[in-house]
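The values are calculated or read from the model by the stated rules, or taken from the named source; none is laboratory data. Treat the numbers as computed from the prediction; the structure is a model and nothing was measured. Neighbour counts are summed over all protein chains in view; Cβ atoms, including those assigned to glycine, are modelled from backbone coordinates with ideal geometry.
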């Protein structure tokens, strides 16, 4: 392929008619460059990089169109197979160079390499302040400080255990919400219940308060989070075609600036409320808040964050801590409905461990091995962040395998492709929790066959808290209801936005269990 590309300009010069004027040179040169870019491995952004051992990949617009689609993970997996580039494939989106790995070995190289310690900053992420939050902040002292603070004060085992009772209460509230909806409507759209529960769970741990959703501040918060998902989840062509940036053709910049003003007011108000409460504590009116806002306000001088940085950090906590839990639980419940024998086996396990006289608690989860296997298999079949949330940025020239990766290249791991590779997993398209009863596969980042939370320096810091929440709430929902299909059945069609969502929200029946 590279030989054909290298000789292509010479061939065109032979075939083109003689040039009779200097003015005619410009369009011909542009034509030659454009034609070469279209067939060059990896597309136009890779055309002018060094050609020694080029990375295979599609030329032209195929991958860019695929990345903008609702099933980008599937489309890129298909392209990787077609170009025999499972280990590493190059492609272009506009003038942005991309590589994508669909194999555990090269995935490990990318995710654990210091050369890929940064994340690419999209315009929407920068406008929404995320470049000052942990997810997108450049690798360095500021990022390390944020990571240490969150690991020490929010995501440590002691903190996760301390919030166990609140998690249980929110889970019980969701059970009651489902019971009421079933009693009123017959069917229940579980996504709404799960999303409200997950959002309240984050709000309680981060801000120390819960909201009534659908009205007042709760409604405002819902709308802000939804708008943020849409802005960060889509492809903004200004990120890849810089000459379009000033036009803001998709209106992303304008929408971001409207949203960030609302976020500053909303989060700033909560920060100020905490400051006032702290004044009350000094004056003897001691109150137990113990949330993450208090942690940030109590930081010593060298670690102290400005108010604008606190807003960015807290906003990211709300934003990133909500969708994964709700979306994963929706996929799991869909699978329970489609596989009633698996649902029944999980419920039998809960009864054997917990009995019929009490509700399930966090302390029961380590004994519910089959339930944990269901969660693992759901993460394998439906990884919440199969592609886009894995993006890394090469901060200097480096190598992956035998291939040179220039600085500024965006690197991704297609975890969906890895978890559906028949050379790695037996019957990869079959939902079989039993596979994890036979082999204890870690999902915390050490085994790149299944690393839904990432690996290396940028691994998700909230993975343990997220799993604790999913395990408990799933156990509560299975203990309380038998989940059945509605008249429309279950549609497993996917839609990749910020996370891998069900294209058609799950609407089902929930029969209370005795």
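Going by the structure shown, is residue 216 at positive phi and at pLDDT below 95? It would help to see each step written out before you state the result.
Details: at positive phi: yes; at pLDDT below 95: yes.
It is true that residue 216 is at positive phi and at pLDDT below 95.
Condition test on residue 42, is it over 24 Å from the mean Cα position of the chain (by Cα), at pLDDT 90 or above, buried (at least 22 other Cβ atoms within 10 Å of the Cβ) and under 19 Å from residue 404 (Cβ atoms)? Give the steps one after another, and end with the answer.
On the way: over 24 Å from the mean Cα position of the chain (by Cα): yes; at pLDDT 90 or above: no; buried (at least 22 other Cβ atoms within 10 Å of the Cβ): yes; under 19 Å from residue 404 (Cβ atoms): yes.
So residue 42 fails the test.
Looking at (1) within 26 Å of residue 234 (Cβ to Cβ); (2) without any contact (Cβ under 8 Å) to a residue 60 or more places away in the chain; (3) surrounded by 19 or more Cβ atoms within 10 Å (Cβ to Cβ), can you tell me which one residue 47 breaks?
Only one criterion is unmet by residue 47, namely (1).
Would you tally the residues in segment 110-163 being farther than 22 Å from residue 387 by Cβ, in contact (Cβ under 8 Å) with a residue 40 or more places away in the chain, over 19 Å from the mean Cα position of the chain (by Cα) and not in a helix (DSSP H, G or I)?
2
Which ones in segment 100-126 are surrounded by fewer than 20 Cβ atoms within 10 Å (Cβ to Cβ) and under 15 Å from residue 315 (Cβ atoms)?
Scanning segment 100-126 gives a single hit, 126.
Tell me which residues, restricted to segment 217-237, are under 16 Å from residue 196 (Cα atoms) and over 14 Å from the mean Cα position of the chain (by Cα).
If the condition is that a residue be under 16 Å from residue 196 (Cα atoms) and over 14 Å from the mean Cα position of the chain (by Cα), then 217, 218, 219, 220, 221, 222, 223, 224, 225, 226, 227 are the ones that fit.
So which of 330, 341 ends up being assigned by TED's automatic domain parsing to the domain that holds residue 489 and buried (at least 19 other Cβ atoms within 10 Å of the Cβ)?
Details: 341 fails: buried (at least 19 other Cβ atoms within 10 Å of the Cβ).
Answer to the check: 330.
If you go through segment 465-512 one residue at a time, how many are surrounded by fewer than 18 Cβ atoms within 10 Å (Cβ to Cβ) and at pLDDT below 95?
4
Tell me the residue from 67, 88, 61 that is modelled with pLDDT of 90 or more and under 25 Å from residue 498 (Cα atoms), please. Step through it out loud before you land on a result.
On the way: 67 fails: modelled with pLDDT of 90 or more; 61 fails: modelled with pLDDT of 90 or more.
Of 67, 88, 61, the one residue that is modelled with pLDDT of 90 or more and under 25 Å from residue 498 (Cα atoms) is 88.
Looking at (1) touching a strand residue (DSSP E or B) at 6+ places or on another chain (Cβ under 8 Å); (2) assigned by TED's automatic domain parsing to the domain that holds residue 56, which is the only condition residue 94 fails?
(1)
Residue by residue, here is whether (1) at pLDDT 90 or above; (2) assigned to a helix (DSSP H, G or I); (3) under 30 Å from residue 178 (Cβ atoms); (4) touching a helix residue (DSSP H, G or I) at 6+ places or on another chain (Cβ under 7 Å) holds:
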position	(1), (2), (3), (4)
302	no, yes, no, no
305	yes, no, no, yes
312	yes, yes, no, yes
315	yes, yes, yes, yes
326	yes, yes, yes, yes
335	yes, yes, yes, yes
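Scan segment 218-272 residue by residue and report those that are touching a residue at least 40 places away in the same chain (Cβ under 8 Å) and assigned to a loop (DSSP other than H, G, I, E, B).
Those that are touching a residue at least 40 places away in the same chain (Cβ under 8 Å) and assigned to a loop (DSSP other than H, G, I, E, B): 234, 235, 236, 240, 241.
Here are some residues: 472, 484, 450. Which one is assigned to a loop (DSSP other than H, G, I, E, B) and either over 25 Å from residue 337 (Cα atoms) or in contact with a helix residue (DSSP H, G or I) (Cβ under 7 Å, 6 or more places away or on another chain) (or both)? Before you say what the answer is, go through the steps one by one.
Working: 472 fails: assigned to a loop (DSSP other than H, G, I, E, B); 484 fails: assigned to a loop (DSSP other than H, G, I, E, B).
Step by step, each of 472, 484, 450 is checked, and only 450 is assigned to a loop (DSSP other than H, G, I, E, B) and either over 25 Å from residue 337 (Cα atoms) or in contact with a helix residue (DSSP H, G or I) (Cβ under 7 Å, 6 or more places away or on another chain) (or both).
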